[in-house]
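Undergrad: I am attaching a structure below and will ask some questions about it afterwards.
The values are calculated or read from the model by the stated rules, or taken from the named source; none is laboratory data. Since this is a predicted model, take the numbers as computed values, not measurements. Neighbour counts run over all protein chains shown; Cβ positions are idealised from the backbone, glycine included.
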Amino acid sequence: MKLSVILINHNSRNGLRLALTSLQKAALNIPHEIIVVDNASTDNSINMLVTEFPDVRLFANSTKESIAKVSNDALLKTRGQYILLINPDTIVTPDSFAKLNEFMDQHPLAGGASVRMVDFKGDYLHHSKHTLTGVWAAFIKFVGLSSHFPKTYSFSQRKDDLVDEFETKEIDVLNESCMMLRRLVLGKTGLLDERFAQYGYNIDLSYRIRLQGFKNYYFSKTYIIQLPRKTVNKFSWNYFRHFYGAMFIFAAKYLFKLPVLNIKNIGEFYPSSYEVE
């Protein structure tokens, strides 16, 4: 199988419907599977999925779990050569999968790729290519880890590190909204570190991909549309705990050598010598 697509849904029924419709069109001529994990939704998402998208592989959680854990549970069920983790509030273009697959095929050292993103008005979203947000960049520089992110313009201030909207180029960190991952690389890195429950899991995985000698890319030859999102309360305890806590976990892990947990390895469940259907 060429491609596995994973969506984690929590009370995003209407956006999920649009996302799945676009995903099925994009994957029409590609051997694929689409996996949806419903993370304890209460908006009748499951009934919609069963009724309107019977070919989707559906897994339902009775209680809400962290994004990292739910993503790992789904990753362990995949069978594709490439695995796309994508948010349910996005619409993909019809040629997006074909172009992404071709890019990954032609770049064997590409461990992962993110794509150009626009909002529902068609305006370019600059965080498509930003490898780190300002807060994360400031923290990593403060703790002395900036040298680990050589492609991040905030640290190097080199013109060569700038990434234009329509330029495909190597970056440090994949965008968590849309991450195309190579299965063989996940077999070397292991899956997401579940200590990064809500934030930072993409930064940690992207760094581990590079530690294994592979590269992360911003791919500009296709795009996805990001639908309006619910506003995050950045003054809530839950946000502070997970967002800023992820920074300290990252620093402790790589600066102070926090013991590595037994991160699940995708190769334990499906061998890297997959069969292309």
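Undergrad: Among the listed residues Asp123, Asp73, Asp43, identify the single one that is out of contact with any helix residue (DSSP H, G or I) (no Cβ under 9 Å at 6 or more places or on another chain) and surrounded by 13 or more Cβ atoms within 10 Å (Cβ to Cβ).
TA: Values: Asp123 fails: surrounded by 13 or more Cβ atoms within 10 Å (Cβ to Cβ); Asp43 fails: out of contact with any helix residue (DSSP H, G or I) (no Cβ under 9 Å at 6 or more places or on another chain).
None of the other options fit; the residue is Asp73.
Undergrad: State yes or no: is Val70 modelled with pLDDT under 95 and among the hydrophobic types (A, V, I, L, M, F, W, C)? Break it down into steps so the answer makes sense when it comes.
TA: On the way: modelled with pLDDT under 95: no; among the hydrophobic types (A, V, I, L, M, F, W, C): yes.
No: the conditions fail for Val70.
Undergrad: List every residue pair whose Cβ atoms sit under 6 Å apart, with the two residues 6 or more apart in sequence or on different chains, where the first one lies in the stretch 83-95 and is closer than 18 Å to Lys2 by Cα and the second, anywhere, is of a type in the set (Phe, Trp, Tyr) and part of a loop (DSSP other than H, G, I, E, B).
TA: Close Cβ pairs (under 6 Å, with a partner that is of a type in the set (Phe, Trp, Tyr) and part of a loop (DSSP other than H, G, I, E, B)) do not exist here.
Undergrad: Here's something else I'd like to know. Out of (1) closer than 25 Å to Met1 by Cα; (2) under 17 Å from the mean Cα position of the chain (by Cα); (3) surrounded by fewer than 22 Cβ atoms within 10 Å (Cβ to Cβ), what's the single condition that is false for Pro54?
TA: That leaves (2) as the condition not met.
Undergrad: So which residues in the stretch 22-38 are touching a residue at least 60 places away in the same chain (Cβ under 8 Å) and either of a type in the set (Ser, Thr, Tyr) or crowded, with 21+ Cβ neighbours inside 10 Å (or both)?
TA: Ser22, Leu23, Ala26, Ala27, His32
Undergrad: Oh, and also: Does the stretch 16-38 hold any residues that are within 19 Å of the chain's Cα centre (by Cα) and in a loop (DSSP other than H, G, I, E, B), and which are they?
TA: Passing the criteria: only Ala27.
Undergrad: Considering each of Leu186, Leu227, Leu191 in turn, give the residue that is of a type in the set (A, V, I, L, M), in contact with a Lys or Arg (Cβ under 7 Å, 6 or more places away or on another chain) and modelled with pLDDT of 90 or more.
TA: Numbers: Leu186 fails: in contact with a Lys or Arg (Cβ under 7 Å, 6 or more places away or on another chain); Leu227 fails: in contact with a Lys or Arg (Cβ under 7 Å, 6 or more places away or on another chain).
Just a single option satisfies the conditions, and that option is Leu191.
Undergrad: Of all residues being of a type in the set (Val, Ile, Thr) and modelled with pLDDT of 95 or more in the stretch 93-132, which is farthest from Met180 (Cα to Cα)? Just the residue, please. Before the answer, list the steps.
TA: Start the filter on the stretch 93-132 by keeping residues that are of a type in the set (Val, Ile, Thr), which leaves 93, 115, 118, 131.
Still in the list and also modelled with pLDDT of 95 or more: 93, 115, 118.
On the way: Thr93: 15, Val115: 9, Val118: 18 Å.
The residue in question is Val118.
Undergrad: Since Ile224 meets every condition but one in (1) part of a helix (DSSP H, G or I); (2) touching a helix residue (DSSP H, G or I) at 6+ places or on another chain (Cβ under 7 Å), which condition does it not meet?
TA: The single condition Ile224 does not satisfy is (1).
Undergrad: Please state which of the following conditions Ser41 fails to meet, knowing it meets all the rest: (1) touching a residue at least 24 places away in the same chain (Cβ under 8 Å); (2) not in a loop (DSSP other than H, G, I, E, B).
TA: For Ser41, the failing item is (2).
Undergrad: Now, a different point. Mind listing whichever residues of the stretch 1-15 are under 18 Å from the mean Cα position of the chain (by Cα) and not in a loop (DSSP other than H, G, I, E, B)?
TA: Pass one, the stretch 1-15, residues under 18 Å from the mean Cα position of the chain (by Cα): 2-10, 12, 15.
Once the filter is applied, which keeps residues that are under 18 Å from the mean Cα position of the chain (by Cα) and not in a loop (DSSP other than H, G, I, E, B), the stretch 1-15 yields Leu3, Ser4, Val5, Ile6, Leu7, Ile8, Asn9, Gly15.
Undergrad: In addition: Is it fair to say Phe240 is in a helix (DSSP H, G or I) and surrounded by fewer than 18 Cβ atoms within 10 Å (Cβ to Cβ)?
TA: Numbers: in a helix (DSSP H, G or I): yes; surrounded by fewer than 18 Cβ atoms within 10 Å (Cβ to Cβ): yes.
Judged against the criteria, Phe240 is a match.
Undergrad: State which residue is nearest to the chain's Cα centre (by Cα) when the search covers only the stretch 184-221 and only residues that are farther than 17 Å from Glu170 by Cα and assigned to a helix (DSSP H, G or I). So that I can check it myself, show each step before the final result.
TA: Going residue by residue through the stretch 184-221, those that are farther than 17 Å from Glu170 by Cα are 184, 186-201.
Adding the requirement that they be assigned to a helix (DSSP H, G or I) leaves 184, 186-189, 201.
On the way: Leu184: 16, Leu186: 13, Gly187: 16, Lys188: 17, Thr189: 15, Tyr201: 9 Å.
Residue satisfying both the conditions and the ranking: Tyr201.
Undergrad: Still on this structure: Taking the stated definitions as given, is Arg229 charged (D, E, K, R) and surrounded by fewer than 18 Cβ atoms within 10 Å (Cβ to Cβ)? Lay out the reasoning, then the answer.
TA: Working: charged (D, E, K, R): yes; surrounded by fewer than 18 Cβ atoms within 10 Å (Cβ to Cβ): yes.
The answer is yes for Arg229.
Undergrad: Against the definition (closer than 30 Å to Phe240 by Cα, of a type in the set (S, T, N, Q) and buried (at least 16 other Cβ atoms within 10 Å of the Cβ)), how does Ser128 come out, yes or no?
TA: On the way: closer than 30 Å to Phe240 by Cα: yes; of a type in the set (S, T, N, Q): yes; buried (at least 16 other Cβ atoms within 10 Å of the Cβ): yes.
When the stated conditions are applied, Ser128 passes them.
Undergrad: Regarding the stretch 80-97, can at least one residue be identified that is assigned to a helix (DSSP H, G or I), in contact with a Ser or Thr (Cβ under 7 Å, 6 or more places away or on another chain) and not β-branched (Val, Ile, Thr)? Explain how you work it out, then say what you get.
TA: From the stretch 80-97, those assigned to a helix (DSSP H, G or I) are 96-97; that's our starting set.
Right, trim to in contact with a Ser or Thr (Cβ under 7 Å, 6 or more places away or on another chain) and you get 96.
If we keep only those that are not β-branched (Val, Ile, Thr) as well, we get 96.
So far as the stretch 80-97 goes, yes, one or more of its residues are assigned to a helix (DSSP H, G or I), in contact with a Ser or Thr (Cβ under 7 Å, 6 or more places away or on another chain) and not β-branched (Val, Ile, Thr).
Undergrad: What about Thr51, is it at pLDDT 95 or above, out of contact with any helix residue (DSSP H, G or I) (no Cβ under 8 Å at 6 or more places or on another chain), within 23 Å of Ser12 (Cα to Cα) and not in a loop (DSSP other than H, G, I, E, B)? Lay out the reasoning, then the answer.
TA: Values: at pLDDT 95 or above: yes; out of contact with any helix residue (DSSP H, G or I) (no Cβ under 8 Å at 6 or more places or on another chain): yes; within 23 Å of Ser12 (Cα to Cα): yes; not in a loop (DSSP other than H, G, I, E, B): yes.
Spelling it out, Thr51 is indeed at pLDDT 95 or above, out of contact with any helix residue (DSSP H, G or I) (no Cβ under 8 Å at 6 or more places or on another chain), within 23 Å of Ser12 (Cα to Cα) and not in a loop (DSSP other than H, G, I, E, B).
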